[in-house]
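Taking it in order: structure first as structure tokens, then the write-up.
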Amino acid sequence: MNDKTKYAYAEEHIKLLRLLNQVNAEIAGTTKLERALAVIGDAIWCGIGAGTCVSLLEEEEKNLQVWLNTDHKESRYCYVLPDEAIERQVMETGQPQTLYPRRELSGVALLPLLDYGTVWMYPVSCEGETLGVLYVFHKQEYDLPEHSKEFLTHLAVRLGIAVYNWRRQEEILYKRRKLQFLYTMMDVAADAEATIEDVLEVVHSQISSTFGFSRVMIGLLDENEHRIRIARASGFVPEEWVQELVLPAHLGDTRHEEAFRTGLPVVVQDAKHDTRCLGAAQQLELYSAVAVPIMYKEQALGIIYVDSGDYRRFSELTLQFLTSIARQLGIVLMNTRQYEYIRQLAITDGLTGLHTRQYFSERYQEEFAATKRSGDPLCLIMLDIDDFKKINDTNGHLVGDRVLVHVSHMLQTQVRVSDTVARYGGEELIVLLPRTTLEQTCMIAERIQQSFLDLPFPFLVTASIGIAAYPEHGIEREMLLMKADDAMYRAKHEGKNQIRIAR
């Protein structure tokens, strides 16, 4: 080797040492793996003019997942690692390998690299833990000088440290996020006023903000209709897919059925080729996804769908986090539903299904206060079923109960959802009509009176009806109620089956 060649080698060696120092300086303190990979890929290109691929071991199945490929910009993907693969030898022995794929039969598991002239493989490890493989590839057959091989060996070591630090950081973040989530969930669950919608909003935002997936959806199981209804969603959700979330499942997407049957997350690595969700893959543009069942003991309550824009497996930490969320959500949903059920029992009349007098009083107080602030009209309709004692004495109490039930249901069909219908006492019923004028209320009362003729009884059922309006008949809450009651009794004393307006 002449002096000129020695000088060139020395210059190149110095260049590589400077690149190593630069890599160390840029990624020494980072826990962002993508940043470290990009810096190492740039250094290899600048140092020896070669491409870089980094594949890391999957945590469970010991397959490899591509995290960086400087010649191919597609999303991350996984590939199977056969027993005879050269990559296994590299990781098990800790020794690098040089291959010439075009010249010789190669056991390289990463098939795209078979098109290159030269492939160098370096083990990626740290603290005795095998983490993956660093591939360096060149289009031509090329023998690296020793200082270049030393350069790649140092980069592989630095890469191992970066991956190790990233994984430890992910574990710490996972534990922190899990604790924060559990605290938030318990805080919401402890709030007696919290609704199921409040709980779902917390869960949805936690998943979305923690992982940054392309789409997060939470569906609740409607057992009556045997279908899943999407309650929260981020990202595009086509209506035709939502309509297919039924049980038994359509062949286009059976993930929810499998998740409910097994009680375990259903992980899809490559949705375009997974028979469990081929239809969904087209409609949702799925790459990889996981469906986590929301269960309470053995009862299915719903499902969490999480989609990723990458062809890649969900890490074990991610699955643990989502499973923990689903488990806690199942408990909170069941508790919230039971609380709602008990609350409904407390505010619902057991016979008629109408609201109780206590609930009416609370709603009346709220609506009256709002009316006084806004100046909007408000009306009350109070009615009493005529000769109800006679109906009981003549036909029996069971028939009397049926009359009450039919009248109650009829009343509910004659008013708006925003109106409140309640059993005020015995056979007395009351209707609260916010933002309704006296003229409109009279029309409603006449419609109610006419509907009594359609009740399915062999005898005539009628009612005495009283109407009071704010502010015409009273500007105080109790006074208006008394006026409606007085008008109803006037209707009864003046012949029954009458409508009377407060004086």
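The values are calculated or read from the model by the stated rules, or taken from the named source; none is laboratory data. Keep in mind that this is a model prediction, so the values were computed, not measured. FYI the Cβ positions are ideal-geometry reconstructions off the backbone, even for glycines, and counts take in every protein chain you see. Just the protein is used for accessible areas: all its heavy atoms, side chains included, with ligands, DNA and RNA removed. Shrake-Rupley method; radii C 1.70, N 1.55, O 1.52, S 1.80 Å.
Identify all residues within segment 408-453 that are out of contact with any Phe, Trp or Tyr (no Cβ under 8 Å at 6 or more places or on another chain), hydroxyl-bearing (S, T, Y) and within 23 Å of H397 (Cβ to Cβ); write none if there are none.
Residue satisfying the conditions is S408 alone.
Any idea which residue in segment 477-503 is least open to solvent (accessible area, probe 1.4 Å), counting only those that are in a loop (DSSP other than H, G, I, E, B) and in contact with a helix residue (DSSP H, G or I) (Cβ under 9 Å, 6 or more places away or on another chain)?
My answer is A502.
What are the pairs with Cβ atoms under 7 angstrom where one residue, in segment 146-170, is over 20 Å from D42 (Cα atoms) and the other, located anywhere, is assigned to a helix (DSSP H, G or I) and open to solvent by less than 60 Å² (accessible area, probe 1.4 Å)? Sequence gap at least six, or different chains.
If the second residue must be assigned to a helix (DSSP H, G or I) and open to solvent by less than 60 Å² (accessible area, probe 1.4 Å), the pairs left are E170/L317.
Output the number of residues of segment 21-67 satisfying the condition of being touching a residue at least 40 places away in the same chain (Cβ under 8 Å), open to solvent by 80 Å² or more (accessible area, probe 1.4 Å) and in contact with an Asp or Glu (Cβ under 9 Å, 6 or more places away or on another chain).
The number of residues fulfilling the criteria is 2.
Could you please give the count of residues in segment 243-292 that are among the charged types (D, E, K, R), open to solvent by 20 Å² or more (accessible area, probe 1.4 Å) and outside any helix (DSSP H, G or I)?
Residues of segment 243-292 that are among the charged types (D, E, K, R), as a first pass: 244, 253, 255, 257-258, 261, 270, 272, 274, 276, 285.
From what is left, the residues that are open to solvent by 20 Å² or more (accessible area, probe 1.4 Å) are 244, 257-258, 261, 270, 272, 274, 276, 285.
Narrowing the set further to residues that are outside any helix (DSSP H, G or I) leaves 244, 270, 274, 276, 285.
Adding up the residues that qualify gives 5.
Being within 19 Å of I196 (Cβ to Cβ) and among the hydroxyl-bearing types (S, T, Y) is the filter; apply it to segment 293-315 and report the residue that is most open to solvent (accessible area, probe 1.4 Å). Break it down into steps so the answer makes sense when it comes.
Start the filter on segment 293-315 by keeping residues that are within 19 Å of I196 (Cβ to Cβ), which leaves 293-297, 299-305.
With the extra rule that they be among the hydroxyl-bearing types (S, T, Y), the set shrinks to 296, 305.
Working: Y296: 62, Y305: 0 Å².
Checking each candidate, the answer is Y296.
Tell me yes or no: at least one residue of segment 316-324 is open to solvent by 30 Å² or more (accessible area, probe 1.4 Å), touching a helix residue (DSSP H, G or I) at 6+ places or on another chain (Cβ under 6 Å), closer than 26 Å to Q180 by Cα and in a helix (DSSP H, G or I).
Checking segment 316-324: at least one residue is open to solvent by 30 Å² or more (accessible area, probe 1.4 Å), touching a helix residue (DSSP H, G or I) at 6+ places or on another chain (Cβ under 6 Å), closer than 26 Å to Q180 by Cα and in a helix (DSSP H, G or I).
Of all residues in segment 413-428, count the ones that are within 14 Å of D454 (Cβ to Cβ) and under 36 Å from the mean Cα position of the chain (by Cα). First the steps, then the outcome.
At the first step, the residues of segment 413-428 found to be within 14 Å of D454 (Cβ to Cβ) are 413-414.
Add one more test, that the residue is under 36 Å from the mean Cα position of the chain (by Cα), and what stays is 413.
The total comes to 1.
Does R255 count as modelled with pLDDT of 90 or more and under 15 Å from S288 (Cα atoms)?
yes
Does segment 181-197 contain any residue that is part of a helix (DSSP H, G or I), open to solvent by 50 Å² or more (accessible area, probe 1.4 Å) and polar (S, T, N, Q)?
Taking every residue of segment 181-197 in turn, none turns out to be part of a helix (DSSP H, G or I), open to solvent by 50 Å² or more (accessible area, probe 1.4 Å) and polar (S, T, N, Q).
Return the pairs, sorted by first residue and then second, in which the second residue is part of a loop (DSSP other than H, G, I, E, B) and among the hydrophobic types (A, V, I, L, M, F, W, C), the first residue lies in segment 455-470 and is open to solvent by 20 Å² or more (accessible area, probe 1.4 Å), the beta carbons are less than 9 Å apart, and the residues are 6+ apart or on different chains.
L455/V461
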